[in-house]
Amino acid sequence: MRIPSLLPALCLLPAALLAQGNPNPVPTDPSRWPQHSMDRPRPPVVTPGLFVASPPPSDAIVLMDGRSLAKWRSADTTGPARWKLAGGYVEVAPGTGGIATRDSFGDIQLHVEFRAPLPVKGEGQERGNSGVFLMGTYEVQVLDSYHNDTYPDGQAGSIFGQFPPLVNPARPPGQWNSYDIVFHRPRFDATGKVTEPARATVLFNGILVQDDQVILGPTTYARRTAYSAHPDRLPIELQDHEFPVRYRNIWVRRLE
């Protein structure tokens, strides 16, 4: 979880639009549960099937194959990604910052595999925390959610701070998990007003946890944030949240 910076995107907008201010209202909570409420019912636990590794489809863009970080850069600079590359995976190097794709994407199908750290340390949000930021702005939470209690809208598979996963199919630490995400970017008119909000479908270990879910706006911690107009394509980011989460076999298909 983090508050993503929209400054690079805003710099690409017409000055006249910025002068008008943001035409989009701050979203209201769609449920009776306050953001990050520990009183909210927990998603039921589901045991997923066996992990089956498969190669990317023929039209996929392979972003991470475990051998190179050439398609990634530091999320905060244009410099190279500084995460650890070893053993067919990439591991977060705590304190080095997140990483972002060198290419930009809008509507996509995205496959990501991740593994929580061993030995297990911490609890709640302080256990295997990371995140997949679509367009660098809309986070699907990565967390060690196996026998780990936290607020439901911050579990693995959540649209962070907005929608808990429908169920919790997390595998134990040390085992690989997978996300398959279908994401449709938001649309904006010439004034910067959102005409279609972003939507995401997420399968977590092959199990549906977000069903064409409308995203309320940029995902942020402890507050609601209004949409702000941004380019049609932006990089995908992976978060450094100070935990050595591992990633591998990341590929994407453009849907536009």
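Points to keep in mind about this one:
- Whichever residue in segment 37-69 is at pLDDT below 95 and among the hydrophobic types (A, V, I, L, M, F, W, C) and, among such residues, is surrounded by the most Cβ atoms within 10 Å (Cβ to Cβ): PHE51
- Residue list for segment 222-252, restricted to those being under 20 Å from PRO25 (Cβ atoms) and surrounded by fewer than 23 Cβ atoms within 10 Å (Cβ to Cβ): ALA222, ARG223, ARG224, THR225, ALA226, SER228, HIS230
- Filtered residue count, segment 70-91, keeping only those that are of a type in the set (Val, Ile, Thr) and either in contact (Cβ under 8 Å) with a residue 24 or more places away in the chain or buried (at least 18 other Cβ atoms within 10 Å of the Cβ) (or both): 1
- Check on GLY122, touching an Asp or Glu at 6+ places or on another chain (Cβ under 9 Å), buried (at least 22 other Cβ atoms within 10 Å of the Cβ) and assigned to a loop (DSSP other than H, G, I, E, B): no
- Count of residues meeting criterion [in a loop (DSSP other than H, G, I, E, B), surrounded by 17 or more Cβ atoms within 10 Å (Cβ to Cβ) and hydrophobic (A, V, I, L, M, F, W, C)] in segment 170-206: 2
- Residues in segment 222-256 that are of a type in the set (Ser, Thr, Tyr) and in contact with a Gly (Cβ under 6 Å, 6 or more places away or on another chain) were compared, and the one that is modelled with the lowest pLDDT is THR225.
- Check on ASN148, under 17 Å from HIS36 (Cα atoms) and free of Cβ contacts under 8 Å to residues at least 60 places away in the same chain: yes
- Search result, residues across segment 207-216 that are in a strand (DSSP E or B), among the hydrophobic types (A, V, I, L, M, F, W, C) and within 20 Å of PRO30 (Cβ to Cβ): LEU208, VAL209, VAL214
- Residue-level check: of (1) at pLDDT below 95; (2) over 17 Å from MET135 (Cβ atoms); (3) part of a loop (DSSP other than H, G, I, E, B); (4) of a type outside the set (Phe, Trp, Tyr), LEU18 misses just (3).
- The residues of segment 50-95 that are out of contact with any Pro (no Cβ under 8 Å at 6 or more places or on another chain) and β-branched (Val, Ile, Thr), listed by number, are VAL52, ILE61, THR77, THR78, VAL90.
- For segment 92-107, the tally of residues that are under 20 Å from ARG127 (Cβ atoms), touching a strand residue (DSSP E or B) at 6+ places or on another chain (Cβ under 6 Å) and surrounded by fewer than 18 Cβ atoms within 10 Å (Cβ to Cβ) stands at 1.
- Check on ASP149, touching a helix residue (DSSP H, G or I) at 6+ places or on another chain (Cβ under 8 Å), surrounded by fewer than 22 Cβ atoms within 10 Å (Cβ to Cβ) and of a type in the set (D, E, K, R): yes
- LYS121 being out of contact with any strand residue (DSSP E or B) (no Cβ under 8 Å at 6 or more places or on another chain) and modelled with pLDDT under 95: yes
- Flag if GLN213 is under 23 Å from ARG253 (Cα atoms), out of contact with any Gly (no Cβ under 8 Å at 6 or more places or on another chain) and buried (at least 16 other Cβ atoms within 10 Å of the Cβ): yes
The values are calculated or read from the model by the stated rules, or taken from the named source; none is laboratory data. These figures come from a predicted structure and were not determined experimentally. Glycine also receives a Cβ, built like all others from the backbone with ideal geometry; neighbour counts cover every protein chain displayed.
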